[in-house]
């Protein structure tokens, strides 16, 4: 019997994960996926990452609508699907997040090969690489073979993030700041909806700018180190 948060991909997840984290349990919500739906979109492969289930900033409705519209041969869940960092600080797991898990399980049950590659926010699952839960295979990395035979390495990428590797305190600080930004993003898009404007992620935009700045600094440090070596 598996008693680990990885059972987020099996019906016992909320209570098990809560118990392991010392947090109050939650219950499964309903799933209206049995209602008549439009014809499913067929894809060879679909990649999803950084959904951060377990946070208020997760776009659960959009994600669930997308998952209900597809039936891919392979679904890659590429890291930070569940935000374990945030769940440790405070339990947040609304019914819609359960519906997303149920939909992933339903895809697996209907023949989709679901591959979960953990990231840094769900890094606790890396200890269970090589196991399968509810039809979902958990692996540290995967090799995707394209239709024309090319082989692509699939991983979350935090293994190459200098902040995550060498300054975890800064990564956690950034996570707190990003959480605050996600709350701001909710209000920002509420105003946009009132003006009839589509969803736009302010938090993702700022996060991209910060990452570009960090990448620039890293390249500068590498150039300085290279020059010093010469």
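Bear in mind that the values in this text are calculations on the coordinates, not laboratory data. Predicted model only: the values in this text are computed from it and were never measured. Every residue, glycine as well, gets a Cβ built from its backbone with ideal geometry; the counts of neighbours run over all protein chains shown.
Of note:
- Stretchable slack from residue 184 to residue 42, in nm (0.36 nm times residue separation minus alpha-carbon distance): 47.6 nm
- Shape of the stretch 78-157, Cα gyration tensor, a/c cut at 1.5: oblate
- Cα centroid separation, the stretch 87-102 to the stretch 126-141 (Å): 20
- What the Cβ-Cβ distance of residue 113 and residue 195 gives, at R0 = 30 Å and to the nearest 0.05, is a FRET efficiency of 0.10.
- Contour minus Cα-Cα distance for residue 56 and residue 74 (0.36 nm per residue): 3.7 nm
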